[in-house]
Each structure stands twice: as C-alpha cells, then as structure tokens.
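Trainee: Pasting in a structure now, in structure tokens, and then I'll have a few things to ask.
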Amino acid sequence: MSLGAPPKIGEPVIVSVQRTGFHLSLLQITQWLELFGTIEGELRYIVSKDIPGVLDDTLEVLMRLRIHIPSPLPAYSRKLYVRYRGQQIQCSKCANFGHTRKYCKSDSTNWMDFVKKLVDSGNVPIPYFGNWYDFLQAQEIVLAS
C-alpha cells in the first residue's frame with residue numbers, strides 16, 4: 001500500500017515528540033510545537049509497542065506546520081526528538097537542513113552550538129530552554145574569562 005506524497009507545509013501531519021521522559025508537561029511541549037505551526041488535535045502519549053497497556057514517553061499530535069521543526073529540540077532542559085512524515089532532512093554534523101552528514105561541507109556543530117543558534121535566532125522565548133540556557137550562559141562566561 002502506497003502512502004502517497006508526504007504532506008507539505010500547511011497540510012495536516014501527525015507529529016511525534018520522542019524522549020520526553022514524562023518530565024515535561026503537555027503545556028511545555030505545546031509551547032514548543034506552537035512555534036512551528038497550529039496544533040489541531042490533542043497531545044497523547046502512545047501505548048508501548050513492547051508492553052501493551054503501558055504508555056511510552058512519546059507523544060503524538062495532529063498539526064499544520066508553518067515551518068519545519070528541527071530535530072532535536074532543547075525543550076525545558078530535555079533533548080527531545082521530533083519526527084513527522086515529510087520532515088526535512090537535517091544534517092547530524094552541522095544541524096542545517098537539506099543534506100546529510102555524508103554530503104556536509106560545513107564545520108561540525110556540537111549540541112550547545114545548536115542551542116546557541118536557536119537562542120540567537122530570537123524566535124524561541126528564553127524560558128523554553130530551561131537549564132540549557134543557564135548552561136550556555138555559564139559556558140560563555142568561562143570562555144570570556
């Protein structure tokens with residue numbers, strides 16, 4: 001059975017948020033997701049594939065995206081992973097969209113460089129980062145010394 005073409009920006013898509021560890025509230029996850037589009041359904045934890053009746057720490061929700069969501073996300077001191085059909089390829093070396101590590105010609109980016117890039121964009125409210133922002137600030141103070 002063919003799934004057809006992947007959804008385009010603006011079309012409904014099921015977004016999966018992985019590795020929540022049950023540490024974030026649904027409001028916190030909603031705040032991050034709403035930076036990228038409109039939530040059209042209820043956020044729900046999925047049932048474990050391995051143990052029926054037990055919830056996995058992965059959430060799913062129906063959304064209409066305005067822009068693609070990067071994966072990973074530095075949400076409230078957690079490193080979440082977002083997946084959805086039609087998601088842009090994101091390089092694991094430089095964190096830019098549109099290519100893979102194999103074809104990357106950019107310098108390597110570590111996790112905190114990626115967090116700093118999101119902070120510097122001004123598109124994400126500082127409280128959404130949680131301790132990632134505090135760690136970034138401490139790291140910059142040490143580098144400035």
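Any read-out appearing in this document is the output of simple, stated calculations on the displayed coordinates, not a laboratory observation. On a predicted model such as this, the values are computed, not experimentally measured, just so you know. Cβ placement follows ideal geometry from the backbone for every residue including glycine, while neighbour counts extend to all protein chains displayed.
Trainee: Let me know the charge dipole size of segment 12-144 about its Cα centre in debye, to the nearest 20, where only the beta-carbon of Lys, Arg (+1) and Asp, Glu (-1) is charged.
Mentor: 520
Trainee: Sticking with this one: Would you mind checking which residues have amide H under 5 Å from D56's amide H? H placed 1.01 Å from N; only 5 or more apart, or other chain.
Mentor: Those qualifying (amide H under 5 Å, at least 5 residues apart or on another chain) are I46, V47, S48.
Trainee: Here's something else I'd like to know. If amide hydrogens are placed 1.01 Å from N in the peptide plane, which non-local residues have theirs closer than 5 Å to the one on H99?
Mentor: Amide H to amide H, under 5 Å and 5 or more residues apart or across chains, H99 pairs with C91.
Trainee: Which distance in nm do the two modelled labels at K49 and R101 give, with both placed 7 Å along the Cα-to-Cβ direction?
Mentor: Placing both labels 7 Å beyond Cα along the Cβ direction yields 2.2 nm.
Trainee: Then there is this: Counting other Cβ atoms within 10 Å of each Cβ, which GluC sites (Glu not before Pro) in segment 40-145 have at most 15 and sit in a DSSP loop? Spell out each step's value before the answer.
Mentor: Working: sites: E40, E42, E60, E140; in loops: E40, E42.
Of the GluC sites (Glu not before Pro), the ones in loops of segment 40-145 whose Cβ has at most 15 other Cβ atoms within 10 Å are E40, E42.
Trainee: For segment 1-56 and segment 99-115, what is the separation of their Cα centres, given in Å?
Mentor: Between the Cα centres of segment 1-56 and segment 99-115 lies a distance of 25 Å.
Trainee: Within segment 28-46, whose backbone N sits under 17 Å from a point 7 Å along Cα→Cβ of S16?
Mentor: Residues 43-46 fall inside that zone.
Trainee: Let me know the whole percent of all Cα-Cα pairs from the chain that are separated by more than 26 Å. Display every interim value, and only then the final one.
Mentor: Working: 3212 of 10440 pairs.
Roughly 31 percent, once rounded to a whole number.
Trainee: Helix 111-121 sits at what angle to the longest principal axis of the chain, using alpha carbons and giving 0 to 90 degrees rounded to 10?
Mentor: 90
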